[in-house]
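Colleague: I'd like to ask some things about the structure below.
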Amino acid sequence: MRPPHEEAGLGSIIQVLAAEAVAASEGCRDLVSIRDRARQLVLRTGPGSDAIGSESWVWDAMRPALRGRQRQMETVAALSQLRIFDESRTIGELAQKSVKSPERVLAQLPVIYDRALQEAMNSTGGDAHRAKAMADQFITCVIARLPPPGSTVRDLLVSTLVSRGLDAEEVRDECVLADLTELCLFRSQLRVVASETGRSFDDLKGVSMAVLPSRVIGDALRKHGQYCKKRPGSDLNDAYLGVLAAYCDVLYVDKRTAEDFKRAIGKEPKLFGLIGDVAKAADFAGLLGGS
């Protein structure tokens, strides 16, 4: 899977999301039509050498870089369930509160650190060294984003959300913070894929995440999938690969992901007609037997 302007190389979730954003920008308005157009844009067939290229040294050079990214993926997966405040409140409700004094903020940091450490310990299966590194990284980010003196809660909310891709007028009193946070994540993804689409980020901001297959599938798996205390970095890869259910006749997954799909399909009617079959196989022979 790769866009037509790339002559060689394997695609990724970035190319899939970029193709879906292009399809929506072209006027496709529903999940199936966007999926079908995105498939035309990124799905390529041919010999394997066309996919991986003829220069094998590239893969040797990339391997250390990919391993280096694994640590960040592990941190993201481990702390994905951590919530340090109530995001179910509206902007209006939160704006009525006051920013804590510097002394109270400093007193709260050890509490936040301990919560992050506990999440990391659970996710890594009790690996204290890795868990501490994750918690240290997280609290460093929290400290870097502490509000400047004299800020109001509204100032803090607006500046934070705008820096993550929203327009100031989108931060309205009736909006729930969790919904805006989710929109921020989507906008950050659009910013990343903009260069792959030939369009500017401002042009893509009008794309709705509700009509992109990759977002709908990912959200369904997160919402209805099993809760696991242990969350390795490979969970992110599983989520990205799960998106391909919209682009394959049959997607083979592991036992846990298969159960997540089963739960999601039973509760999300919009997945019917959007995704192909989701199957399990114990080994490569099982793949051949199911073809």
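Colleague: Order these peptides, 101-107, 40-46, by their mean beta-carbon neighbour count within 10 angstrom, highest first.
Modeller: Output ranking for 101-107, 40-46: 40-46, 101-107.
Colleague: Shifting gears a bit: Between Arg29 and Val111, what is the label-point separation in nm under the 7 Å Cα-to-beta-carbon projection?
Modeller: Modelled inter-label distance: 4.9 nm.
Colleague: Could you tell me the calculated FRET efficiency between Asp50 and Lys262, based on Cβ-Cβ distance and R0 = 41 angstrom, to the nearest 0.05?
Modeller: After rounding to 0.05, the efficiency reads 0.70.
Colleague: Neighbouring Cβ atoms within 10 Å as the yardstick, rank Cys141, Cys228, Cys28 fewest first.
Modeller: In increasing order of surrounding Cβ atoms, one gets Cys141, Cys228, Cys28.
Colleague: Continuing with this model, one more query. Which FRET efficiency, nearest 0.05, do Val58 and Lys280 yield, Cβ-Cβ r, R0 30 Å?
Modeller: 0.35
Colleague: While we're looking at this one, here's another question. Semi-axes of the equivalent ellipsoid of segment 166-285: what are they in whole Å, largest first, if each equals the square root of 5 times a C-alpha gyration tensor eigenvalue?
Modeller: 29, 17, 14
Colleague: Among Phe201, Phe272, Phe138, what is the fewest-to-most ranking by other Cβ atoms within 10 Å?
Modeller: If I rank by nearby Cβ atoms, fewest first, I get Phe272, Phe201, Phe138.
Colleague: I would also like to ask the following. Give a residue-ordered list of calculated ³J(HN,Hα) values for segment 185-201 (Karplus: 6.51 cos²θ - 1.76 cosθ + 1.60, θ = phi - 60°; whole Hz; x for Gly, Pro).
Modeller: For segment 185-201, the Karplus-derived couplings read 4, 5, 5, 5, 5, 4, 4, 5, 8, 3, 5, 7, 9, x, 10, 7, 4 Hz, x marking Gly and Pro.
Colleague: Between segment 163-181 and segment 56-125, what's the alpha-carbon centroid distance in Å?
Modeller: When both Cα centres are located, 20 Å separates them.
Colleague: Rounded to the nearest 0.05, what FRET efficiency do Thr140 and Cys248 give with R0 = 45 Å and r taken as the Cβ-Cβ distance? Could you check?
Modeller: That gives a FRET efficiency of 0.65.
Colleague: Would you mind calculating the relative contact order of the chain from Cα pairs under 8 angstrom and at least 6 residues apart, reporting the percent as a whole number?
Modeller: This gives 23 percent for the chain.
Colleague: I would also like to ask the following. Would you tally the net charge around Val176, using a Cβ to Cβ cut-off of less than 9 Å, leaving Val176 out, and scoring K and R as +1, D and E as -1?
Modeller: Around Val176, the charge tally is -2.
Colleague: Taking amide H positions as placed in the peptide plane 1.01 Å from N, state which residues far from Leu251 in sequence (5 or more) or on other chains have amide H under 5 Å from it.
Modeller: Asp277, Val278, Ala279
Colleague: Cross-chain or 8 or more residues apart, Cα under 13 Å: how many lysine pairs in the chain fit that? Count them up, please.
Modeller: Lysine pairs satisfying the spacing and distance rule in the chain number 4.
We did not get these values from a lab; they are worked out from the coordinates using the rules stated. The model shown is predicted, which means the values in this text are computed figures rather than measured ones. Positions of Cβ are backbone-derived with ideal geometry, glycine not excepted, and every protein chain shown enters the neighbour counts.
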